[in-house]
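Chemist: This is the structure I have questions about; it appears just below.
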Amino acid sequence: MKRLWIFGSAATAAFAATPAFAQASTINAADTAWMIAATALVLLMTIPGLAMFYAGLVRKKNLLATMAQSFAAVMFVSILWFMAGYSLTFSGDGAYLGNLDKLFFAGINLDSVNALASNLPESLFATYQMTFAVITCALIAGSVADRMRFSAFLLFIIAWLFIVYIPSAHWIWGGGFLAGMGVMDFAGGIVVHLNAGVAGLVAAYVLGARRGYGTENLAPYDLTMAAVGTALLWVGWFGFNGGSALSASPRASMAILATHLAACSGGIAWMMMEWWTRRKPSVLGIISGAIAGLGTITPASGYVLPWHGVVIGLAAGVVCFWACTWLKERLKYDDSLDVFGIHGIGGILGTVLTGVFAVGAFTVTKELPLGQQGLLEGNAGQVLTQLIGVGICFVWCAVATYVILKVVDLLVGLRVSLDHERMGLDITQHGESVHT
């Protein structure tokens, strides 16, 4: 017998248990167990992983405000995902957006599944995808650290989730037009990293540089905290990439292996670049290189061999180091924690290299029984397809982010005053501070 719960004026069937559950369900117990763990790992990436990573990289007077942004992203994005985000992303077969059939998780019960993951409870699939939306919005905070109003950040991520993240996630993962074109993004090179990086770049330009940028010492407050945050992100990434297989399968284990190797080679490459150019390998450089390797392998992780992961990580360490030093200086923007240089550039690089290294035998699905090969297997066209996907999402994200920021600025103002920036956001935005 079904119980109907009333939410506002909408009646939604929830958690209906039927005698036929055991016989009719396609849900796989092993896959479900792994994906519960993977979901926890991805949430771990934002809290406490990203919260600690970012907080350790800002100055002491902005530590709590930076952490608050990560926690706020978890809370607000999760509720919005429940209300409409999941439905607009993963229900329906529209080319550009889903439908409203799953508003407030309508129809999600004990034995319901989504056709995109029929081996999992739909409640688990929806929660797993929720954690991706959460960390994507939270990542952007690194570009505007030290100077954005908390109220402006909240309004921004609410609008950005619906205008940028949800459409692009549907285009690639929800059966939208980019998926139909053959764009490959296993775990978020475009959907997560490119989007967050491009949004961060636009936000850095719109807000302007931090007070004292280039003239004052803006060194990180606590690199030990940032290093611990990196470690949590690294471990959590196993759920991020391995979980994107949506099953406890060889594809998941290969994705985890490629992810780990890319993180290692990315950290080594960045360290060597710093050793060569600055004569000393910094801890900040080592952890930045590891994050670059993790972000860059993300779109390719479930499609490539282990040695491909090493090569992609090495490329990430070199290219992202260049982006965070030479390119950043030439383009004259203050991306506080290098979200664009690491995640944006890494996401673009990894998405293109997916078109180079993708192994046909690894990309076989029900929809693609023959798989999708990359350049090394004779399919040069896949690189072009990847570039088209990158270009479309880059332009959409950049334009939409700019418009959202301008509207938010009109409503509440984007940036704190110079006096408040000098005092620090912990005190001026939250009325508290760190005492040591």
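Chemist: List, please: which pairs have Cβ atoms under 7 Å, are six or more places apart or on different chains, and start with a residue in the range 102-121 that is within 15 Å of THR26 (Cβ to Cβ) and in contact (Cβ under 8 Å) with a residue 24 or more places away in the chain and end with one that is of a type in the set (Val, Ile, Thr) and in a helix (DSSP H, G or I)?
Modeler: Going by the 7 Å Cβ cut-off, the qualifying pairs are LEU120/THR32; PRO121/THR32.
Chemist: Count, please, the residues in the range 302-348 that happen to be farther than 24 Å from THR136 by Cβ and of a type in the set (Val, Ile, Thr).
Modeler: 4
Chemist: Follow-up. Tell me, yes or no, whether the range 406-423 has at least one residue that is touching a residue at least 40 places away in the same chain (Cβ under 8 Å), surrounded by 21 or more Cβ atoms within 10 Å (Cβ to Cβ), within 27 Å of ALA255 (Cβ to Cβ) and within 26 Å of the chain's Cα centre (by Cα). First the steps, then the outcome.
Modeler: Step one: filter the range 406-423 for residues touching a residue at least 40 places away in the same chain (Cβ under 8 Å), giving 406-409, 411-416, 418, 421-423.
Checking which are surrounded by 21 or more Cβ atoms within 10 Å (Cβ to Cβ) leaves us with 408, 414, 416.
Keeping just the survivors that are within 27 Å of ALA255 (Cβ to Cβ) gives none.
No, that holds for no residue.
Chemist: Now, a different point. Name the single residue, out of those in the range 51-88 being hydroxyl-bearing (Ser, Thr, Tyr) and surrounded by 20 or more Cβ atoms within 10 Å (Cβ to Cβ), that is farthest from SER143 (Cα to Cα). Quick ask: steps written out before the conclusion?
Modeler: Taking the range 51-88 as the starting set, the residues that turn out to be hydroxyl-bearing (Ser, Thr, Tyr) are 54, 66, 70, 78, 86-87.
Remaining after also requiring surrounded by 20 or more Cβ atoms within 10 Å (Cβ to Cβ): 54, 66, 70, 86-87.
Working: TYR54: 10, THR66: 11, SER70: 13, TYR86: 26, SER87: 29 Å.
Residue satisfying both the conditions and the ranking: SER87.
Chemist: Let me ask another. Among what's in the range 386-402 and is surrounded by fewer than 18 Cβ atoms within 10 Å (Cβ to Cβ) and touching a residue at least 40 places away in the same chain (Cβ under 8 Å), pick the residue that is nearest to PHE162 (Cα to Cα). Step through it out loud before you land on a result.
Modeler: If we filter the range 386-402 for residues that are surrounded by fewer than 18 Cβ atoms within 10 Å (Cβ to Cβ), which is where we start, we get 387-388, 391-392, 395-396, 398-399, 402.
The next check asks that each one be touching a residue at least 40 places away in the same chain (Cβ under 8 Å); those that pass are 388, 392, 396, 398, 402.
Numbers: ILE388: 22, ILE392: 17, TRP396: 13, ALA398: 14, TYR402: 15 Å.
In this case the residue turns out to be TRP396.
Chemist: What is the number of the single condition among (1) more than 30 Å from GLY424 (Cα to Cα); (2) surrounded by fewer than 23 Cβ atoms within 10 Å (Cβ to Cβ); (3) among the hydroxyl-bearing types (Ser, Thr, Tyr) that THR259 does not meet?
Modeler: (2)
Chemist: How do the helices (runs of 4 or more DSSP H) wholly within the range 262-354 filter down when requiring 1 or more residues that are touching a residue at least 40 places away in the same chain (Cβ under 8 Å), in contact with a helix residue (DSSP H, G or I) (Cβ under 6 Å, 6 or more places away or on another chain) and of a type in the set (S, T, N, Q): which remain? Talk me through it step by step, then tell me what you get.
Modeler: Values: elements: 283-297, 306-322, 328-331.
Counting at least 1 such residues, we get 283-297.
Chemist: Determine if the range 286-293 includes at least one residue that is at pLDDT 95 or above, more than 19 Å from the chain's Cα centre (by Cα), over 26 Å from GLU377 (Cβ atoms) and surrounded by fewer than 21 Cβ atoms within 10 Å (Cβ to Cβ).
Modeler: Yes, some residue in the range 286-293 is at pLDDT 95 or above, more than 19 Å from the chain's Cα centre (by Cα), over 26 Å from GLU377 (Cβ atoms) and surrounded by fewer than 21 Cβ atoms within 10 Å (Cβ to Cβ).
Chemist: Continuing with this model, one more query. Test each condition in (1) at pLDDT 95 or above; (2) outside any loop (DSSP other than H, G, I, E, B) for TRP5 and report the one that comes out false.
Modeler: (1)
Chemist: Let me ask another. One residue is enough: does the range 143-160 have a residue meeting the conditions over 15 Å from ALA73 (Cβ atoms) and either free of Cβ contacts under 8 Å to residues at least 40 places away in the same chain or assigned to a helix (DSSP H, G or I) (or both)?
Modeler: There is no residue in the range 143-160 that is over 15 Å from ALA73 (Cβ atoms) and either free of Cβ contacts under 8 Å to residues at least 40 places away in the same chain or assigned to a helix (DSSP H, G or I) (or both).
The values are calculated or read from the model by the stated rules, or taken from the named source; none is laboratory data. Keep in mind that what you see is a predicted model, and the values were worked out from it rather than measured. Positions of Cβ are generated from backbone atoms using ideal geometry, with glycine treated the same way; all protein chains shown enter the neighbour counts.
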